[in-house]
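Asker: The structure's right below; bear with me while I get my questions together.
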Amino acid sequence: MSVNSVSKKQLILEVKDKAKIPCDLKRHLSPRTVGHILRSLPIEGHAHMMGKSIAYLETSIDSGTERPKREFKKGDVAFASSSGSICFFLENSSPGKAMTPIGKLSENLDALQNLKPGDSFVLYEETG
């Protein structure tokens, strides 16, 4: 499968001025939600933490819950329809609310462990 295919889209999650992390969105996990996110790119906003296990980016995307899951593994990416947030799991977690699985972070997760108040995320498609 190529880097960008019909079912997988490689994006960059950037912690502004600090790190760039490859982020694969996978359409087969939740086609409607992934489509909404791809049409909304680039997405920019403040970086937030939920405990020590989830970093997230609030968005204005309203997609509802699709193929809900309650347990996620380190590196998973999910969409929380209750807040319109894209969540990045830093460790295995059961967040309590069902979320829509949308993809995976494959490397450099440690960059998300050191988020500070005021840090910003940008999620975008890599060009060239």
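The values are calculated or read from the model by the stated rules, or taken from the named source; none is laboratory data. On a predicted model such as this, the values are computed, not experimentally measured, just so you know. Positions of Cβ are generated from backbone atoms using ideal geometry, with glycine treated the same way; all protein chains shown enter the neighbour counts.
Asker: Could you count how many residues in the stretch 28-57 are basic (K, R) and closer than 18 Å to I12 by Cβ?
Answerer: The total comes to 1.
Asker: Within the stretch 85-97, which residues are part of a loop (DSSP other than H, G, I, E, B) and buried (at least 16 other Cβ atoms within 10 Å of the Cβ)?
Answerer: Passing the criteria: L90, P95.
Asker: Filter the stretch 119-128 down to residues that are among the polar types (S, T, N, Q) and assigned to a loop (DSSP other than H, G, I, E, B), then give me how many there are.
Answerer: 1
Asker: May I ask you to list the residues in the stretch 12-29 that are in contact with a strand residue (DSSP E or B) (Cβ under 9 Å, 6 or more places away or on another chain) and farther than 15 Å from D76 by Cβ?
Answerer: Within the stretch 12-29, I12, E14, V15, K16, D17, A19, K20, R27 meet the criteria.
Asker: State the number of residues belonging to the stretch 98-118 that are part of a loop (DSSP other than H, G, I, E, B) and closer than 19 Å to L11 by Cα.
Answerer: 4
Condition check ((1) among the hydroxyl-bearing types (S, T, Y); (2) touching a Ser or Thr at 6+ places or on another chain (Cβ under 6 Å); (3) modelled with pLDDT under 95; (4) closer than 14 Å to R32 by Cβ) across all residues:
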residue	(1), (2), (3), (4)
E66	no, yes, yes, yes
K73	no, no, no, no
D76	no, no, no, no
S81	yes, yes, yes, yes
F89	no, no, no, no
S93	yes, yes, yes, no
I102	no, yes, no, yes
L105	no, no, no, no
L112	no, no, yes, no
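Asker: Just name the residue that is nearest to the chain's Cα centre (by Cα) out of those in the stretch 102-112 that are within 20 Å of I43 (Cβ to Cβ) and surrounded by fewer than 21 Cβ atoms within 10 Å (Cβ to Cβ).
Answerer: Ranking the candidates gives K104 first.
Asker: Quick test of your reading of the structure: V122 fulfils all but one of (1) surrounded by 15 or more Cβ atoms within 10 Å (Cβ to Cβ); (2) modelled with pLDDT under 95. Name the failing condition by number.
Answerer: Looking at each condition in turn, V122 falls short on (2).
Asker: State whether the residues of the stretch 68-82 include one that is more than 14 Å from P22 (Cβ to Cβ), out of contact with any Lys or Arg (no Cβ under 8 Å at 6 or more places or on another chain) and acidic (D, E).
Answerer: Yes, some residue in the stretch 68-82 is more than 14 Å from P22 (Cβ to Cβ), out of contact with any Lys or Arg (no Cβ under 8 Å at 6 or more places or on another chain) and acidic (D, E).
Asker: State the number of residues belonging to the stretch 32-82 that are in a helix (DSSP H, G or I), within 14 Å of the chain's Cα centre (by Cα) and loosely packed, with under 13 Cβ neighbours inside 10 Å.
Answerer: So the answer is 0.
Asker: Take L25 and tell me if it is surrounded by fewer than 19 Cβ atoms within 10 Å (Cβ to Cβ), modelled with pLDDT of 95 or more, out of contact with any Cys (no Cβ under 6 Å at 6 or more places or on another chain) and of a type in the set (A, V, I, L, M, F, W, C).
Answerer: Here the answer is no, as L25 does not meet what is asked.
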